[in-house]
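Trainee: My structure is below; once you've seen it, I'll send some questions.
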Amino acid sequence: MSKKIEALTMPKWGIEMEEGKLTEWLIDEGSSFSKGDPLLVVETDKISNEIEAEFDGLCRKKLVDVDGTYPVGALLAVFASEEITDEEIDQFVNDFVPVDSSFQPESAVSEKKAEPATPIASEEKPKSSGDLPSAPPDNVNISPKAWEVALELDVDVSTITPSGRRGRISVQDVEQAADPAKLAAYKGEEGGDAGSVSSSDNPSELIPHSGMRKVIAERTTASKNTAPHFYLNVDLDAKKLSAEREKMNKGKDKKEKISINDLLIKCVATALTKHPEVNINWSDEGILQFQNADISIAVATDAGLITPIVKKANEKTVEEISSDAKRLSDLAHNNKLMPEDYQGGTFSISNLGMLGIKSFTAVINPPQCGILAVGKLEDDKISVTMSCDHRGIDGAVGARFLQTLSAIVAEVDI
């Protein structure tokens, strides 16, 4: 490592990323590392990923703690050789200014820029109950008990959508808007009413939401609330598809074998090219219709569900699709996906057949307008259910797409 100081900053993974949570340090202050070594783990709204070293170096100073959330470009640590003095390190930290990361490469390590100093951003502190008025605003219809609970839980009632009669905010509305940790503490202090079970009768543990779990909740709720779902179900004749899979897998080892899902991805991609009116994204300005089928595949990880994309599936062979799907699944399970792996997509497939599920309905992945829920292969049949966003896809359009898909699967016309 040369005699210069390097800054480890919060990376920018994708255009939408504004901040990241540092969940784990993988190096100690004062320890050396080599190029490619993992340095720390950062969690965003969508993924959790390790940041690897881009050079050999020495960690001289760590500036932030685990479990803190920091903006893109924030200074996390300082790397420098032993020849650099502690005073020089401190001066570097004092003079450091985050680089405008709006259009920067997605890299964690950047050199110091000679710019005026600004303090490192810290987490926003929650507001205290003293910030709330002693009485509800005149334009808010809320029950006395709900207002009492709102004061206890520091809930801003002006942000709540009421569910009670005549637009009145109920206790339940307040509790749903409250911070889960505060609500759990409040419930414990309150002691519960006659109909509730005390913590001593049923011990529980509050598990804080991860960033990914929060995003899943937000996106699925927004999807169901904004995209008018309707569902179309059909049984696919998969006899020839199964025979094709057996033929393709002859002589292959386990890691190279083709799955039914790989074949279905290719069939769906082929059908989408014949029905571009289904291969779309919804936007307020209009419908985006795509030439290529970028298929998002649902992958369940320990952290939650994520949908990496098999890009241009219509142009790929089944073997190439299988290789892509395996690679993306491995990356997802090892927290190695990058934004370009999961951002975008024109249509989604969710397969629970391997878990013995015969049929189910899936939530659309906005701004896409369709997702195919795939059940298990049974008696040479596969039950699939297509969820459609009625804003972009009408019933007859979705039905014709499934007719084409059925014909493609039945004849393995790929």
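Trainee: D for the range 351-414, whole µm²/s, Stokes-Einstein with Kirkwood Rh over alpha-carbon pairs at 25 °C and 0.890 mPa s: what number?
Mentor: Numbers: Rh = 12.6 Å.
In µm²/s, the coefficient is 194.
Trainee: Also: Suppose only helical runs count, i.e. DSSP H with n ≥ 4. What mean residue ellipticity at 222 nm does that imply for the chain under -39500 (n - 2.57) per run, divided by all residues and rounded to the nearest 500 deg cm²/dmol?
Mentor: Values: 10 runs with 117 residues, N = 414.
Taking each H run of at least 4 residues, the total per residue is -8500 deg cm²/dmol.
Trainee: Could you pull out the pairs from LYS224/LYS266; LYS46/LYS312; LYS62/LYS311 whose alpha carbons sit more than 30 Å apart here? Don't skip to the end; give the middle numbers.
Mentor: Details: LYS224/LYS266 28 Å; LYS46/LYS312 23 Å; LYS62/LYS311 39 Å.
From the list (LYS224/LYS266; LYS46/LYS312; LYS62/LYS311), the Cα-Cα distance tops 30 Å for LYS62/LYS311.
Trainee: A further question follows. Grab the Cα-Cα distance for THR301 and ALA243, subtract it from 0.36 nm times how many residues apart they are, and report the gain in nm with one decimal. Mind dumping the intermediate values first?
Mentor: On the way: separation 58, 0.36 × 58 = 20.88 nm, distance 3.05 nm.
Length difference between fully extended and current span is 17.8 nm.
Trainee: Another question about this same structure. Can you give the local net charge around GLY353? Use residues other than it whose beta-carbon is closer than 15 angstrom to its beta-carbon, Lys and Arg +1, Asp and Glu -1.
Mentor: Working: positive: ARG245, LYS358, LYS376, LYS381; negative: ASP235, ASP262, GLU378, ASP379, ASP380.
Residues close to GLY353 contribute a combined charge of -1.
Trainee: Can you tell me what share of the DSSP beta bridges in the chain is antiparallel? A percent to the nearest 5 is fine. If you can, show how the numbers build up before the last one.
Mentor: Details: 48 of 56 bridges.
Within the chain, antiparallel bridges account for around 85 percent of the total.
Trainee: Once the convex hull of the alpha carbons of the range 6-111 is built, what does its volume come to per residue, in cubic angstrom? If you can, show how the numbers build up before the last one.
Mentor: Details: hull volume 9.5 nm³, N = 106.
In the range 6-111, the Cα convex hull volume per residue is 90 Å³.
Trainee: Also, I was wondering about something else. With each label point set 7 Å from Cα along the Cα-Cβ vector, what nm distance links LYS274 and ARG168?
Mentor: It works out to 5.8 nm between the two label points.
Trainee: Modelled label-to-label distance, GLU218 and VAL66, 7 Å Cα→beta-carbon offset: nm?
Mentor: 2.5 nm
Trainee: Now a separate question. For a test of the definition: using alpha carbon positions, the gyration tensor, and the 1.5 limit on a/c, classify the range 265-398 as rounded, prolate or oblate. Mind dumping the intermediate values first?
Mentor: On the way: a/c = 1.44, a/b = 1.15, b/c = 1.25.
It is rounded, given that a/c, with a ≥ b ≥ c, falls under 1.5.
Trainee: What is the distance, in nm, between label points placed 7 Å from the Cα along the Cα-to-Cβ direction at LYS182 and at LEU355?
Mentor: Going by the 7 Å Cα→Cβ label model, 3.4 nm.
Trainee: For a test of the definition: using alpha carbon positions, the gyration tensor, and the 1.5 limit on a/c, classify the range 236-296 as rounded, prolate or oblate.
Mentor: Numbers: a/c = 4.13, a/b = 2.54, b/c = 1.63.
Here the range 236-296 falls in the prolate category.
Trainee: Follow-up. Can you spot the aspartates and glutamates whose alpha carbon is less than 17 Å from LYS254's alpha carbon? Ignore those fewer than 8 places along the same chain.
Mentor: In chain and number order, the partners are GLU244, GLU246, ASP262, GLU319, GLU320, ASP324, ASP330.
Trainee: Still on this structure: So what is the relative contact order for the chain, in percent, with contacts set as C-alpha pairs under 8 Å and at least six apart?
Mentor: Values: 773 pairs, mean separation 56.4, N = 414.
Relative CO of the chain lands at 14 percent.
Trainee: Among DSSP bridges having both ends in the range 275-406, what percentage is antiparallel? Round to the nearest 5. Present the calculation step by step, with values, prior to reporting the outcome.
Mentor: Numbers: 15 of 22 bridges.
Close to 70 percent.
Trainee: Would you compute, for the Cα atoms of the chain, the largest minus smallest coordinate along each principal axis and list the three values in descending order, in whole Å?
Mentor: 72, 67, 49
Trainee: Taking the Cβ of SER322 as the centre, find all other residues whose Cβ is under 11 Å away and add up their charges (Lys, Arg: +1; Asp, Glu: -1).
Mentor: On the way: positive: ARG245, LYS252, LYS255, LYS257, LYS266, LYS316, LYS326, ARG327; negative: GLU256, ASP262, GLU319, GLU320, ASP324.
Taking every Cβ under 11 Å from that of SER322, the sum is +3.
Trainee: Sorted by mean Cβ packing within 10 Å, highest first, what order do the peptides 357-370, 143-156 take?
Mentor: On the way: 357-370: 19.4, 143-156: 17.7.
The packing order, highest mean first, is 357-370, 143-156.
Each value in this text was obtained by applying a stated rule to the coordinates, not by laboratory testing. Values in this document were obtained by computation on a predicted structure and should not be read as measured data. No Cβ is skipped: glycine too gets one built from the backbone with ideal geometry, and neighbour counts run over all protein chains shown.
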